[in-house]
Amino acid sequence: MKWSNYFIPTQKEAPKEAETISHKLMIRAGLIDKLSAGVYTYLPLGLKVLRKVENIVREEMNNSGAVELLMPSLQPASLWKETKRFDKMGKDMITFIDRHNREMIFGPTHEEVITDIVRKYVKSWKQLPIILYQIQTKFRDEIRPRFGVIRAREFLMKDAYSFDINEKGLDNSYNLMKETYKKIFSRCGLKFKIQEADSGVIGGKFSEEFVAEGECNELEVGHIFKLGTEYSLSMKAYFVDKYGKESPIYMGCYGIGVSRIIAAIIEGNYDKNGIIWPLSVSPFEVVIIPINMSDYEIKNISEKIYKDLIENGIDVILDDREESAGFKFKDADLCGFPYQVVIGKKIKEKKVEIKARSTNKTEDINFEKVTDYIKDILREEKK
Ligand code: ATP
Ligand code: MG
């Protein structure tokens, strides 16, 4: 990607309402734009991070044996009346009447919809256990949307639901998800702890939260629940066991705030100059900074290194803008790309400078060896 063709509207100042460091930096680095209270656009750089987090979540969920599907945001209120959650959710749930006078909602979560699917199609013990999940947009009309994507009204969640024949099966599914969550959060570069939690309106008997440990606040990034038979009883999701007896399915549910993770990562990875992305979720792995685009040699070598890195599968952005070196350095630090390849005067000695964003350490490398050098450090880091 060439910066001049891309869209990264970086800002010198954060809006006054931004209280947390992640909110300030997400605006300043051009990751998000606020449309209205708690409603954000993911600008290209923000979307790239979101997709990387999403892919980590998807890979680990698939590895666990969970199966992806996609449910609609639009749900009939009637389903929520079956479980008696229509009243419990209160004003957090956005409801409206469609043109045929049907009461509808925008889904704040999907226990009802998934249970409806399972009761239609799962009839026998032979079809169990199964874990179904989606990565999908949720709507919650939070009283006080704040801290940017941390408490938004529209946000991206990974929600998974397990279905088992008995309590022992549920325990297995629950533990499998718990282990999967540990892998997901570790790969995202998050320090976290697990603590017993209140199950709130989701219900069930037991739940635990995954809490990211940032500098200034503790953030719930994931929540896993043993629901038992609460939903299957109220919605009549039964299966026939080996002996021909009908029993309610045992359920669990498991949420991850995919968009909130981004803020949690930033809370734990920044300095006075900006974001310091862990490699696994960084929008680009490397930024190439030619200090002067009107110098023919600098421009040429920058483009050559850029091409070479792309050919080697490295996620790289070339800052080819006609701007001062200082301006480009500031933006590169703010946006937090893990490695900066600076192409400047040392090119006379065939050398370019490579800076690691996290340590600020620089090294001079022969310009022909940049790709190998970068490949080595990335390989080392990905281990
Ligand atoms: P919180 O206590 O933070 O309001 P919750 O307990 O209501 O969250 P869950 O129903 O457990 O949330 O949802 C699963 C995950 O979705 C949470 O762990 C969190 O990471 C994320 N999440 C919940 N509400 C929001 C929101 N308003 N904005 C962004 N992410 C959210
Ligand atoms: Mg929760």
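Given a 10 angstrom Cα cut-off, can you work out which residue in Ser234, Ser22, Ser282 is the most mobile in a GNM of the chain?
Result: Ser234 has the largest fluctuation of those listed.
Can you tell me the length gained on complete extension of the stretch Asn312 to Lys369, counting 0.36 nm per residue apart and subtracting the Cα distance?
Full extension of this stretch gives 19.2 nm more.
Roughly how many nanometres apart are two label points built 7 Å out from the Cα toward the Cβ at Glu322 and Asp92?
If labels sit at Glu322 and Asp92, their model points lie 5.4 nm apart.
Starting from the stretch 164-253, pick out the chymotrypsin sites (Phe, Trp or Tyr not before Pro) whose DSSP state is loop and whose Cβ has at most 11 other Cβ atoms within 10 Å.
Loop-located and lightly packed - Tyr243.
So which lysines pass the test for Lys84, namely a Cα distance under 17 Å, with those fewer than 8 places away in the same chain ruled out?
Counting by Cα, and skipping residues close in sequence, Lys84 has these lysines nearby: Lys236.
When only C-alpha pairs under 8 Å and at least 6 residues apart count, what is the relative contact order of the stretch 284-382, in percent?
Rounded, it is 29 percent for the stretch 284-382.
Could you tally the net charge around Gly148, taking each other residue with its Cβ under 14 Å from the Cβ of Gly148, Lys/Arg +1 and Asp/Glu -1?
So the surrounding residues net to +3.
Once amide H atoms are built 1.01 Å from N in the peptide plane, which residues 5 or more positions from Leu318, or in another chain, come under 5 Å H to H?
Those qualifying (amide H under 5 Å, at least 5 residues apart or on another chain) are Lys2, Trp3, Ile288.
Relative to the longest principal Cα axis of the chain, at what angle does helix 325-335 sit, 0 to 90 degrees, rounded to 10?
It is inclined by approximately 20 degrees.
How high is the relative contact order of the chain, in percent, counting Cα pairs under 8 Å that sit 6 or more residues apart?
Relative contact order of the chain: 15 percent.
Of Lys138/Lys226; Lys120/Lys245; Lys328/Lys383; Lys158/Lys307; Lys48/Lys330, which pairs sit farther than 24 Å apart, going by alpha carbon to alpha carbon?
Flagged as over cut-off: Lys328/Lys383; Lys158/Lys307.
Of the listed peptides 145-154, 88-97, 28-37, what is their order by residue-averaged count of other C-beta atoms within 10 Å, with the highest listed first?
Packing order, densest peptide first, comes out as 145-154, 28-37, 88-97.
For Pro76, what is the net charge nearby, where nearby means another residue's Cβ is under 12 Å from its Cβ and Lys, Arg count +1, Asp, Glu -1?
For residues surrounding Pro76, the net value is -3.
Going through the stretch 1-69, which chymotrypsin sites (Phe, Trp or Tyr not before Pro) have at most 13 other Cβ atoms within 10 Å and a DSSP loop state?
When the chymotrypsin sites (Phe, Trp or Tyr not before Pro) of the stretch 1-69 are filtered for loop state and at most 13 Cβ neighbours within 10 Å, Phe7 remain.
Determine the gain in length on full extension of the stretch Lys245-Asn273; use 0.36 nm per residue of separation and subtract their C-alpha separation, reporting nm with one decimal.
Gain on extension, Lys245 to Asn273, equals 3.7 nm.
Distance in nm between label sites at Ser4 and Leu35, each 7 Å beyond Cα in the beta-carbon direction?
For Ser4 paired with Leu35, the spin-label model returns 3.2 nm.
If neighbour count is taken as other Cβ atoms inside 10 Å, put Val57, Val342, Val201 in order from fewest to most.
The fewest-first ordering by Cβ neighbours comes to Val201, Val342, Val57.
For Asp320, what is the net charge nearby, where nearby means another residue's Cβ is under 9 Å from its Cβ and Lys, Arg count +1, Asp, Glu -1?
0
Tell me the Kirkwood hydrodynamic radius of the chain in angstroms, computed as one over the mean inverse distance between distinct C-alpha pairs.
Mean inverse Cα-Cα distance, inverted, gives 22.9 Å.
Can you list the residues of the stretch 313-329 with backbone N under 15 Å from a point 7 Å past the Cα of Lys299, pointing along Cα to Cβ?
319-324
Since every read-out is calculated from the coordinates, none of them should be taken as a lab result. A quick note: this is a predicted structure, and the numbers were derived from the prediction, not measured. Note that we place each Cβ from the backbone using ideal geometry, even for glycine, and neighbour counts take in every protein chain shown.
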